[in-house]
Every structure is written in C-alpha cells, then in structure tokens.
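Q: One structure, pasted below without further comment.
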Amino acid sequence: MGYSQIYQDWQSDPEAFWMDAAKAIDWVKEPTFALNAAHDPLFEWYTDAKVNTCYNALDRHVQNGRADQTAIIYDSPMTDTKKHISYAELLEQTAQLSGALIARGVEKGDRVIIYMPMIPETIVAMLACTRIGAIHSVVFGGFAANELAVRIDDASPKVILSASCGLEPGRVVAYKPLIDTAIEQASHKPEIVVVYQREQLKAELQESCDYDWCEFQSGVSPAECLPVEGNHPAYILYTSGTTGAPKGVVRPTAGHLVALNWSMKNIYNVDPGEVFWAASDLGWVVGHSYICYAPLIHGNTTVLFEGKPVGTPDAGTFWRVISEHNVRSFFTAPTAFRAIKREDPNGVFKQDYDLTCLRALYLAGERADPDTIHWAQKLLEVPVIDHWWQTETGWTIAGNPIGIEPLPVKIGSPSVAMPGYDIRILDETGKKLPPNTLGAIVIKLPLPPGTFPTLWNAENRFKNSYLSVFPGYYETGDAGMMDEDGYLYVMARTDDVINVAGHRLSTGAMEEVLANHPDVAECAVIGVNDTLKGQLPIGLLCLTKGVNRPHSEIVTECVQLMRDDMGPVAAFKLAAVIDRLPKTRSGKILRSTMAKIADNEAFKMPATIDDSAILDEIKIALQAIGYANAPS
Ligand code: COA
Ligand code: AMP
C-alpha cells in the first residue's frame, strides 16, 4: 500500500488506524478504544489500557530472542571508548536501578530529574524510571544551575540522577557543583542525589543526601515492570516558550509506544535488528525519541555517540561511526552537516570509509537549507530526508515515509503530513489559505498518539499557548505554506523562539537573564542568521540612567551572566548598547524588524512605530558588532 492510501485510511477511520498500529505493542491489558475525547480539547489515547514502556523496550526483546543482540553501541571519541551492551545486559542494569529507586521510596508518579551526559547509564536511568512508573525529566547538560533550579521547582522530583561530569571538547563540565547550586536556589528540595562517578572527574559527595551510583544499587533486588494506565506520563521534557518559564511537555505512556514503534519502519525504514543512529543529545526530544525509546521499542540497535561532528577528532568521525557500526539510517541536525562542510568542503575524510551500509540521512531540528542538502546528497549518495517536528509532538509531523514508499524529494520541503496529522495553513483570522500562500501552520485536533495532552502543572498555559488563537487547531508556532501536492514548507517561527544549532531557545528567557544585570534598564534579544548554527542570539541593551562605565565591560559581564544563568548552550556572545528600543505605540518591542535589519533583509516600516529614526540608530549599533553591513 502506498502513502496516499495509508494517509486516506487514517483519515477515514483514525480509530481503526491507531488500534491497528497498537497491535505491535505488548499490553498487560489491551486498549478497547484508541481516542479518549472526554476532556476535549485535551485528548488522550489508549486510556483504558495497561502497559509498561520498559517492558516493551527491553523485557519482551530478551524473551523473544534478542537477549544477546546489541541494544546500545556506546561510541565515545571523548573518552576513547567503544562498548556494546546487549539487551540482556541493559535489562539487568535497568532492573537493578529500578530496584534501588524503589528501595529509596520512589513510587509510581514520583518525578526523577536526570541530569546526565551521553553515557549508557543515562539510558538506564530513563528506562529504570519508566519500569516503575516514575516520571523522568531529563535536563540537558548544557543548561546552567538556574535552568536546572527552575525545572526542579516545576517538576518537584524526589530524586536527581546524575553523573560527576560531562565532557566538552577542551573542558570537563563538573555537574555536582551545578546541582548543588540548583538545589540551593530551588524552593523544592529533592530527597537524594545519585551520582555516577566518571573517571575523568570524581564528584565530592555529601554523606547525608548524596549517593554513589554503584553503592546506591548494591544489595537491592531488581524490580519488575509496573503496568501503568495508557495515559500515565512516561516523562516530562521542558522546552522553550516565549517567556522565561520553560514548558513541561507531558508524554503519556501508551501513545508514545505506539507512535514511535510505527515510525521506525514507516519513516526511518529500519527493520528490527538493524542499527539506527541519531546524533543528538538525550537531553533533547530527538534523543528521547530516537536515541533511547524508538530504536529499543522496535528491537533495533541504537548508537549512543559522545562527541561532536568536528574536532573529535576530525570531520570524518560521523563517517567512521556509520561504517564501523553498520548504521542503516542516520539522523542529525543540518547544523552538524554545516560544521562538517566548513571543515572538509570536499569530503576528503569520507574517502577513508565504506558507507554502503547507509540507506538514508534524516535531518530535523531546524530548517534544512538547500545548500546543505545538496552537499550531503552528493557526498553520501543516499536520499537526504528533511522532516519536521517539535518537542511537543515527539515524532514526525511532516516527512517522507521511505519505509512505506519513497516520495519524490522537493528540496526545501520536509514533504508531506504523516498519518495522524491534518495540517492546515491559516491566515490570522483562521481562514484556510490557498496553496503556496504563507500563513500559520496548524494541526487539526486531536493530535495523534505520541504527542502531548497538556503541559505539566499548566493546563491553562497549554490552552493559551497552543489552542486559543485557532479554536479546534493546535498552533505549531511555525509559519509556512503548502503546495498543490501537499508538500509543506516550514519557513519561520511566529513567536520569540529562536533555533541555535538545532537547539530551541527563548529570547524572552534570555531577556529575563540580561535584565538582572544591575546596569541594564531594558533589553531585547533577537535571533540573527548564522551560516553555521542557523541562528545566533544578539542582545540589545539600554543602560540605566547615569551608568557611565565602558560599554565593552558591561557587554562582557552580560555574556558571562548568560553563560552562568542559562548555560553555554545559549551561545550568547554578542551584545550592543543602544539608547532606546524601537517599540510600537502599544509598547511591543520590534524584535523581528531589528532581526531583519541585522540580516540586511527588507522590512516594512511598522505603521505603529513611535519614532522611525530609532531604526537608524539600531542599524549603527548592529554594524558596530558586525551585522547590518550590506552595501547600500
Ligand atoms: N554540556 C555542557 N556544555 C555544552 C553541552 C553539554 N551537553 N552541549 C553544548 N555545550 C556547550 C558547548 O561546549 C559550547 O560551549 P562554548 O561556548 O564553551 O564553546 C556551547 O555549549 C554552545 O554549544 P553548540 O551551540 O552546540 O556549539 P558547538 O560549537 O559546541 O558545536 C555543532 C556546534 C554544530 C558542532 C553542534 O551544535 C552540533 O553538533 N550540533 C548537532 C546537532 C544537535 O545535537 N542538535 C540537537 C537537536 S537535533
Ligand atoms: P524542538 O522543539 O526543539 O525540536 O524545535 C522545534 C522547532 O524547530 C520547530 O517548531 C521548527 O521551528 C524547527 N524545526 C524542526 N524541524 C524542522 C524542519 N525540518 N524544518 C524547519 N524547521 C524545523
């Protein structure tokens, strides 16, 4: 059956489609229906089922002949380590950690924060939580203590699982001091912190509340899987919104299992037993879905790579991993390819490796620019598949379902809607727009299984952020258009979220950090184009009256403040001091106009601006830091 038929089948009977897809999951109690619309517009899936995520990711494979198959290939150029962990070994380690969590009083529904680097123990930690119905929340290691504190307060975890350090090129990131500071800052106090000691840096543990990873588990009995309801949250993953407070996306158990399992063959075209690699970080949604859960649920071997596309040790490291581990489908962000292209434009490193095992390259996380796609296609000689999704959806909204039927690739488009997603382009009044017309990209409710029914502790915010502007639709926050063939083009965000190296960041959150500098009276953060990272943040600072210190000093302090408060991942290195910010008469800061000036793009003079001369002042300030420099 081809894509069109499958999409039509879903449209004509979504209930039958998702009940059929559910057959691939091992249930403790099978669902009798798929969609639960009782709390419309909050939709849930498979609510009357009983199931366990870890059982589907590990136990069933061990029981069904995959015990000795490699579950995880840990490849770490950072530590010069390569390790194969079988399904049986992963199950043993996971059940043991689950047992230890239970022994310390962790129960179904309790939250556990995981602040860990790219090591196998992080996957063990995630699975150990789902095994006992605890809800994990993984926090990306590149976030600073303050961001961790915010998540501790929102998720109120009983336990933090961590490691002594993360490894970045040229530096060791000590996690324990960050955790101690975060706990000090947070109002909620987790009961214990468990630390996996890495040999690169050992953490100092406090006797009263810190535990060594191995000692924590010694002498306890391994735990069995606890069946949970279909709508029981498997995890919470925080993502950037327009304000400083991150949004806690809730991922219910059953839909997550069904949708991820469906995606592995139909979208990523791998069969159980084959090797799949997503080069991302477990702290992001791509890592949750496609380093940890989907490959394991589907019985694949997943590659856990601790390194960078360049510099660890060179721009050939991706090609080495693909050829050495027989990777069939490879997934990363376009920025990684831009980084490789910059170092090795002629693909010299690739010549050392046989990549015939690779069937396709998948790109997501940010817009895939045509240059990068062409370059990757020529270099790898496999289809380059752009696909579009978000933390909120957990899996592909629009993609090219190679496992069903490879559709013609249109460069610049992530292709077509996946079953489950009815994508529309609307104008600001909610009217459907004709093909090839730019508008808001929305999805008709309900969202499919595997997505999210609400935000953690924030149902009103969920409704206000996603459902209020276009009633009956989920507002994606992206703008774009669709052509006559149903191919989608995702062009830009409609909110103040920017995308830096495939990482989603909030300019609002950055502004809150800068506003804490004693000399900053008012500020704005804008996202400007960057040839490597897609976008970069720039701060525009208005100083408090009477401050007459050198501007360069204040800018340096602001850069450091951002690194300390938000973390290095913000990639915030540039700011300019200005006299005033351009605003509309109603006081809205004209961030996108300033971004267009920085990028030398044409813009319409906003009708409601109170004083247009201000834009010339902004241009001069941006020119001084290397932007807005197009010859006029
Ligand atoms: N812990 C601590 N610090 C981290 C970190 C982590 N887990 N991840 C990144 N950082 C730091 C980096 O070391 C860097 O610090 P620096 O300012 O001291 O150099 C900073 O955060 C910015 O990181 P990044 O934007 O990733 O830049 P980079 O120069 O280190 O690497 C790329 C650039 C393109 C190579 C890198 O972003 C990459 O490999 N991206 C691949 C795609 C990806 O992972 N996407 C995620 C979603 S799919
Ligand atoms: P995140 O939630 O961090 O995965 O970021 C999701 C956002 O990244 C989307 O809303 C888009 O703005 C952007 N994005 C992700 N994938 C793509 C893609 N293939 N094309 C264009 N933008 C993308």
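The values are calculated or read from the model by the stated rules, or taken from the named source; none is laboratory data. Since this is a predicted model, take the numbers as computed values, not measurements. Note: ideal-geometry Cβ built from the backbone for every residue, glycine included; neighbour counts use all protein chains shown. With ligands, DNA and RNA removed, areas are computed over all heavy atoms of the protein, side chains included. Shrake-Rupley method; radii C 1.70, N 1.55, O 1.52, S 1.80 Å.
Q: Can you give the accessible area per residue of the range 1-47, in Å², using a 1.4 Å probe?
A: 57 Å²
Q: Which order, highest average first, do 542-555, 370-383 follow once you tally other Cβ atoms within 10 Å for each residue and take the mean per peptide?
A: 370-383, 542-555
Q: Can you put Y211, Y46 in order of accessible area, largest first, using a 1.4 Å probe?
A: Y211, Y46
Q: OK, next. Past 26 Å, Cα to Cα: identify those pairs from K158/K247; K82/K308; K573/K619; K202/K308; K265/K533, in the order given.
A: K265/K533
Q: As a test question: what accessible area, to the nearest 10 Å², does Y268 have when a 1.4 Å probe is rolled over all protein chains in place?
A: 0 Å²
Q: Tell me, what % of the accessible area of the chain is carbon and sulfur with a 1.4 angstrom probe? Could the numbers behind the result be given before it?
A: On the way: 11980 of 24190 Å².
Using a 1.4 Å probe with all protein chains present, the chain comes out at 50 percent carbon and sulfur.
Q: Sticking with this structure for a sec: Quick one: if the Förster radius is 51 Å, what FRET efficiency do D564 and Q8 give, using the C-beta to C-beta distance and rounding to 0.05?
A: Working from the Cβ atoms, E equals 0.45.
Q: Also, quick follow-up: State whether the range 140-217 is rounded, prolate or oblate according to the following rule on the C-alpha gyration tensor (a ≥ b ≥ c being the square roots of its eigenvalues): a/c under 1.5 gives rounded; otherwise a/b larger than b/c gives prolate, and the remaining case gives oblate.
A: On the way: a/c = 2.11, a/b = 1.17, b/c = 1.81.
Oblate, since a/c reaches 1.5 and b/c is not below a/b.
Q: Now for a separate question. I want to check the label-to-label distance for K444 and E617. Put each point 7 Å from Cα in the C-beta direction and report it in nm to one decimal.
A: The modelled label-to-label distance comes out at 5.0 nm.
Q: How would W277, W10, W284 line up by accessible area, probe 1.4 Å, largest first?
A: My answer, sorted largest first, is W284, W10, W277.
Q: When we measure straight from the Cα of K431, which lysines land under 23 angstrom away, once same-chain ones fewer than 8 places off are left out?
A: K431 reaches K444, K463.
Q: Additional query: Order of 290-296, 237-243 by packing, highest average Cβ count within 10 Å first?
A: The peptides rank, most packed first, as 290-296, 237-243.
Q: No solvent, one uniform scatterer per C-alpha: report log10 I(q)/I(0) for the range 507-632 via the Debye equation at q = 0.16, 0.22 1/Å, two decimals.
A: Computed log10 I(q)/I(0) values: -0.77, -1.41.
Q: Among DSSP bridges having both ends in the chain, what percentage is antiparallel? Round to the nearest 5.
A: Of those bridges, close to 60 percent are antiparallel.
Q: For the range 446-592, with every protein chain kept in place, what is the accessible area per residue (1.4 Å probe, Å²)?
A: Normalised by residue count, the accessible surface of the range 446-592 is 42 Å².
Q: Using a 1.4 angstrom probe with every protein chain in place, what is the largest-first accessible-area order of M78, M562?
A: Highest to lowest solvent-accessible surface, that is M78, M562.
Q: At a probe radius of 1.4 Å, what is the per-residue accessible area of E617, in Å² to the nearest 10?
A: So the heavy atoms of E617 present about 70 Å² to solvent.
Q: With a 1.4 Å probe and all protein chains left in place, how much accessible area per residue does the range 310-379 have, in Å²?
A: Counting only protein heavy atoms, the per-residue value for the range 310-379 is 41 Å².
Q: Rounded to whole Å and sorted largest first, list the principal axis extents of the Cα atoms in the chain.
A: 71, 62, 57
Q: Let me ask something else about it. Could you tell me the accessible area of E168 in Å² (1.4 Å probe, neighbours in place), rounded to the nearest ten?
A: Approximately 60 Å² for this residue.
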